[in-house]
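Asker: Structure provided below as structure tokens; questions to follow.
The values are calculated or read from the model by the stated rules, or taken from the named source; none is laboratory data. Bear in mind that the values here come from a model prediction, so they are computed numbers and not experimental data. Cβ atoms come from the backbone with ideal geometry, glycine included; neighbour counts cover every protein chain shown. The protein model used for the area step is the full one, side chains on, heavy atoms only, and it has no ligands, DNA or RNA in it. Shrake-Rupley method; radii C 1.70, N 1.55, O 1.52, S 1.80 Å.
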Amino acid sequence: MDAHLRARLKDKKRIVIKIGSSSLQHPETGDLDYIRMEVLVRELCDLRNQGKDVVLVSSGAIAAGRKAVHIKDINREHGERHIAVKQACAAIGQARLMMTYQKLFAEYNQVTAQILMTKNTIVDNLNRYNAHNTFTELLRMGVIPIVNENDTIATYEIEIGDNDTLSAVVAALIDADLLILLSDIDGLYTDDPRKNDRAQFVHTVEHIDEKLMEMGKKSTGSNVGTGGMNTKLVAARIATGIGADMVIAGSEDIRIIHRIMDGRDLGTFFCADKNERFDLIDFIEHYND
């Protein structure tokens with residue numbers, strides 16, 4: 001059964017791939033890991049060369065900006081000004097991140113575009129309509145959009161808050177048929193494997209229920225990311241609910257992308273389980289309430 005489900009990944013046509021901050025940086029220094037980024041770009045360009053639509057949701061702007069201006073801990077070092085400092089770091093880091101992506105994608109003659117979103121992009125009807133049209137036209141042109149939350153202006157009231165959820169929202173917005181979340185953990189376990197050596201790996205999830213959601217403890221192995229397994233399961237609920245398959249996989253070897261697309265048994269596979277009653281707008285409006 002699992003092999004049959006995995007085999008259908010080969011035929012996916014519109015794919016959203018999310019990669020987190022910790023997967024793009026050297027843990028020792030916090031600087032961008034150019035080798036890993038180059039491999040990521042090569043994998044995405046190869047998917048595009050197969051005629052597939054590809055969207056990248058990439059974290060890393062705040063971390064890159066923080067590193068550029070030599071800030072180790074925004075909250076501790078800047079107190080009440082931490083929101084403004086965080087937004088300033090995002091402005092610095094997003095430019096540096098996109099410049100690096102543009103150079104790498106250009107090596108493969110691939111055009112990219114930047115799209116920055118907030119909660120208002122989704123819940124406002126006109127904004128959502130315009131965002132959908134922009135994505136549609138970019139994909140029609142063969143462009144690979146690179147998406148991030150607009151951390152330069154986002155505050156608690158209008159932020160989605162994590163790129164796991166954002167990537168699922170993007171998948172819903174563009175009618176993607178596959179979402180891949182690359183993370184510092186290689187999939188879903190029955191418990192946190194870093195704390196419980198008896199935790200069992202979950203290869204396939206056919207239906208997401210409340211018991212499964214309880215496995216999503218808010219923990220992450222990184223101090224630069226914003227999402228733990230909880231946010232990944234929220235993303236899975238959105239993606240499968242709108243009719244897309246989803247895979248959570250480790251980012252230690254970025255080449256895992258083409259192996260997943262080949263149908264290999266890697267990561268945790270979440271089966272599409274379309275829910276006609278799922279209301280994306282209502283979900284996002286109340287997310288983080």
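Asker: Looking at the square roots a ≥ b ≥ c of the eigenvalues of the Cα gyration tensor of segment 21-82, which shape do they give, rounded for a/c under 1.5, prolate if a/b is larger than b/c, or oblate?
Answerer: Details: a/c = 4.74, a/b = 2.38, b/c = 1.99.
It comes out prolate by the Cα gyration axes.
Asker: Give me the number: length gained by fully extending ALA7 to ASP282, i.e. 0.36 nm times residue separation minus the C-alpha to C-alpha distance, one decimal in nm. Before the final figure, lay out each step's value.
Answerer: On the way: separation 275, 0.36 × 275 = 99.00 nm, distance 3.35 nm.
Extra length from ALA7 to ASP282 when fully extended: 95.6 nm.
Asker: Given a Förster distance of 45 angstrom, what is the FRET efficiency for GLN102 paired with ALA199, based on the Cβ-Cβ distance and rounded to 0.05?
Answerer: Details: r = 40 Å, r/R0 = 0.89.
Efficiency computed from Cβ-Cβ geometry: 0.65.
Asker: Using θ = phi - 60° and the Karplus relation 6.51 cos²θ - 1.76 cosθ + 1.60, list the HN-Hα couplings for segment 196-213 in order, rounded to whole Hz, with x at every Gly or Pro.
Answerer: Once θ is set to phi - 60°, the couplings for segment 196-213 become 10, 6, 9, 4, 9, 6, 9, 7, 9, 10, 8, 8, 9, 10, 5, 4, 5, 4 Hz.
Asker: Keeping all protein chains in position, work out how much accessible area MET229 exposes to a 1.4 Å probe, and write it in Å² to the nearest 10.
Answerer: 20
Asker: Cβ neighbours within 10 Å, averaged per peptide: list 128-138, 232-242 in order, most packed at the top. Before the final figure, lay out the partial values.
Answerer: Working: 128-138: 14.7, 232-242: 24.5.
Descending packing order for the listed peptides: 232-242, 128-138.
Asker: Also, I was wondering about something else. Over segment 20-61, what is the relative contact order in whole percent, taking alpha-carbon pairs under 8 Å and six or more residues apart? Before the final figure, lay out each step's value.
Answerer: Details: 23 pairs, mean separation 18.8, N = 42.
Taking the mean separation of contacting Cα pairs over the length of segment 20-61, I get 45 percent.
Asker: Semi-axes, largest first, in whole Å: what does sqrt of 5 times each Cα gyration tensor eigenvalue give for the chain? Each step should come with its number before you reach the end.
Answerer: Details: eigenvalues 136, 99, 86 Å².
Sorted largest first and rounded, they come to 26, 22, 21 Å.
Asker: Taking a 1.4 Å probe, which of ARG6, ARG140, ARG255 shows the most accessible area, and what order do the others take after it?
Answerer: Working: ARG6 0, ARG140 160, ARG255 105 Å².
Largest accessible area first, the residues go ARG140, ARG255, ARG6.
Asker: Take peptides 49-56, 60-67, 199-206 and line them up by average Cβ neighbours within 10 Å, highest first, as a rough protection proxy.
Answerer: On the way: 49-56: 18.2, 60-67: 25.0, 199-206: 14.5.
So the order, starting with the most tightly packed, is 60-67, 49-56, 199-206.
Asker: Could you work out the helix-only [θ] at 222 nm for the chain, with each DSSP H run of four or more residues adding -39,500 (n - 2.57) and the total divided by the number of residues, to the nearest 500 deg cm²/dmol? Mind dumping the intermediate values first?
Answerer: Working: 12 runs with 122 residues, N = 289.
The helix contribution divided over the chain gives -12500 deg cm²/dmol.
Asker: Sticking with this one: Just the number, please: carbon plus sulfur as a percent of the accessible area of the chain, 1.4 Å probe, no ligands or DNA/RNA counted. Kindly include the intermediate steps, with their values, before the conclusion.
Answerer: Numbers: 6640 of 13940 Å².
Roughly 48 percent of what the probe reaches on the chain is carbon or sulfur.
Asker: Here's something else I'd like to know. Would you mind checking which residues have amide H under 5 Å from ALA113's amide H? H placed 1.01 Å from N; only 5 or more apart, or other chain.
Answerer: ILE144, ILE146
Asker: Would you calculate the separation in nanometres between label points at GLU206 and ASN125, each defined as 7 Å from the Cα along the Cα-to-beta-carbon direction?
Answerer: Result for the modelled spin labels: 4.0 nm.
Asker: Any idea what the relative contact order of the chain is, in percent, if you count C-alpha pairs under 8 Å spaced at least 6 apart?
Answerer: Working: 544 pairs, mean separation 66.9, N = 289.
23 percent.
Asker: I'd like to verify something in the chain: which complete DSSP H helices, judged by Cα projection on the helix axis, reach 20 Å or more and average at least -0.5 on the Kyte-Doolittle scale? Before the final figure, lay out the partial values.
Answerer: Values: long enough: 34-49 (22 Å, -0.01); 82-106 (35 Å, 0.49); 125-140 (22 Å, -1.03).
Passing helices, by number: 34-49, 82-106.
Asker: Can you give the accessible area per residue of the chain, in Å², using a 1.4 Å probe? Display every interim value, and only then the final one.
Answerer: Details: 13940 Å² over 289 residues.
On a per-residue basis, 48 Å².
Asker: Would you mind working out the magnitude of the charge dipole of segment 131-211 relative to its Cα centre, with +1 at each Lys and Arg C-beta and -1 at each Asp and Glu C-beta, to the nearest 20 Debye? Before the final figure, lay out the partial values.
Answerer: Numbers: 5 positive and 17 negative charges, 42 e Å.
So the dipole magnitude of segment 131-211 works out to roughly 200 debye.
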